[in-house]
Amino acid sequence: MSTNPADPAQILFAATEARWNTYETPLRDAFDEIDLSYRLATELPPDQVDFIIYAPNGPVQDFAPFTRLRAVLNLWAGVENVAGNDTLTAPLARMVDPSLTQGMVEWVLGHTLRHHLGMDAHIVNPGNDWTPAAPPLAEDKRVTILGLGELGLACAEALHRVGFQVAGWSRSRKEAPGIICLHGQDGLVDALRRADILVLLLPLTSQTENLLNADRLAQLPSGSVILNPGRGALIDDDALLEALKRNVAHATLDVFRTEPLPQDHPFWHHPQVTVTPHIASETRPRSAARVIAENVRRGIAGEPLLHLVDRTAGY
Ligand code: NDP
């Protein structure tokens, strides 16, 4: 990717120094000519920045001083930490990275198969119990994915290929071969009622916060399992703890309202909860750098950016 060498685009990497250390080489490799910096003000005054590569907890919270900003390129798929920032008036693009998607497919597939095959019974078997019982086949198990976007659809397709009965739920109407596509409030009721395994891959917005409240959890079938690699606040924690006494057999949670999950949180030691430390998937520097370079190229050429966020919808 080449910007104009005589007047290269000025790109600010607005994330932590540790992240800069992992991204600098892949980013430099993805561009031929690039003026890239992570030091704000000392190396790159705000009013000279054309593009910001952004992650939460970096040096930029106020975008107002960035008077010639052409776009903010988010390093993560989730944009809840920046989409509502009123100081940002330039376009915001989120991360869609093939390696991030692949990682999520593997996490969802792995945890679905764990519960589907009842693996725990043999991994943790204190009584040396020998009771042969053939596990069910995937075709006998219904998996619902809330969110049929970049990640949800890829997971739905992978689960369908294994043989599961897969349904997905989204805001807009969708079609995907082999997947039962549901949408809207009626669609949500159907999606929950048929979810032997429920996977949450929704963004966190004002519409989706606490989506899984007590009423909706009660609609899940008896013995259902929840996998949440989406965002912690999609679920009402107290309602989930109650549902675990009733119809929900297990919850595997990767994301939480507060991260790291506080040491005294009941999820840590709950026998029906598995905690993973927000590792379901991650943006990978090498492939993400290519996505960013392509969006910078588009921004300079005046072409529409890829993966633009609808700030009104919040994702
Ligand atoms: P997308 O924006 O591609 O997809 C979001 C999906 O959610 C879309 O299908 C969208 O519907 C649907 N949706 C949004 N709002 C609603 C609503 N109110 N009602 C019904 N459906 C809705 O996001 P991604 O698939 O890329 O990512 C999903 C989330 O996964 C991220 O926002 C992030 O929170 C999380 N994530 C977690 C990671 C981890 O390691 N744990 C890593 C990466 C992401 P429609 O298609 O109609 O627009």
Collect residues whose amide H, placed 1.01 Å from N in the peptide plane, falls under 5 Å from the amide H of Tyr315; neighbours closer than 5 in sequence don't count.
-> Asp310
Ratio of the Cα radius of gyration of region 61-188 to 2.2 N^0.38 Å, where N counts its residues = 1.46
Cα-only radius of gyration and Dmax that characterise the chain, units Å = 21.6, 73
What's the angle, to the nearest 10 degrees (0 to 90), between helix 184-193's Cα axis and the longest principal axis of the chain?
-> 40 degrees
Taking every pair of alpha-carbon atoms in region 100-172, give the share separated by more than 14 Å as a whole percent.
-> 63 percent
Ignoring ligands and nucleic acids, what accessible area does Arg286 show with a 1.4 Å probe (Å², nearest 10)?
-> 120 Å²
Do you know the relative contact order of region 45-201, to the nearest whole percent, from alpha carbon pairs under 8 angstrom that are 6+ apart?
-> 16 percent
Just the accessible area per residue of region 73-169, please: how many Å² with a 1.4 Å probe?
-> 48 Å²
So for region 210-271, taking the charge dipole from beta-carbon charges (+1 Lys/Arg, -1 Asp/Glu), which of Leu212, Ala249, Ala239 sits furthest toward the positive end?
-> Ala249
To the nearest 20 debye, what charge dipole does region 133-286 have about its Cα centre, counting +1 at the Cβ of each Lys and Arg and -1 at the Cβ of each Asp and Glu?
-> 340 debye
Counting only heavy atoms of protein chains, what accessible area per residue, in Å², does region 243-300 have with a probe of 1.4 Å?
-> 51 Å²
Relative to the Cα centre, what is the charge dipole magnitude of region 48-168, using +1 at the beta carbon of each Lys and Arg, -1 at the beta carbon of each Asp and Glu, and rounding to the nearest 20 debye?
-> 160 debye
Considering only Gly163, Val79, Thr131, whose Cα is most displaced toward the positive end of the charge dipole of region 78-206, charges sitting on Cβ of Lys, Arg (+1) and Asp, Glu (-1)?
-> Gly163
Calculate for the chain the 222 nm mean residue ellipticity that helices alone would give, adding -39,500 (n - 2.57) per DSSP H run of length 4 or more and normalising by residue count, nearest 500 deg cm²/dmol.
-> -8500 deg cm²/dmol
Rounded to the nearest 5, the percent of antiparallel DSSP beta bridges in the chain equals 5 percent
For the chain: relative contact order, % (alpha-carbon pairs under 8 angstrom, 6 or more apart) = 18 percent
Across Asp254, Asp129, Asp186, the residue with the highest GNM fluctuation in the chain (Cα network, 10 Å cutoff) is Asp129
Within the accessible area of the chain, what % is carbon and sulfur when the probe is 1.4 Å and the other protein chains stay in place?
-> 50 percent
Evaluated at 10 °C with a viscosity of 1.306 mPa s, what Stokes-Einstein diffusion coefficient in µm²/s does region 197-298 have when Rh comes from the Kirkwood expression over alpha-carbon pairs?
-> 107 µm²/s
Could you run the Karplus curve 6.51 cos²θ - 1.76 cosθ + 1.60 with θ = phi - 60° over region 48-62 and give me ³J(HN,Hα) per residue in whole Hz, x for Gly and Pro?
-> 10, 7, 8, 9, 10, 8, 10, 9, x, 6, x, x, 10, 10, 10
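The values are calculated or read from the model by the stated rules, or taken from the named source; none is laboratory data. In this text, all values refer to a predicted model and were calculated from it rather than measured experimentally. Because the Cβ atoms are built from the backbone with ideal geometry, glycine has one as well, and the counts that use them run over all protein chains shown. Remember, those area values only see protein heavy atoms, side chains included, never the ligands or the DNA or RNA. Shrake-Rupley method; radii C 1.70, N 1.55, O 1.52, S 1.80 Å.
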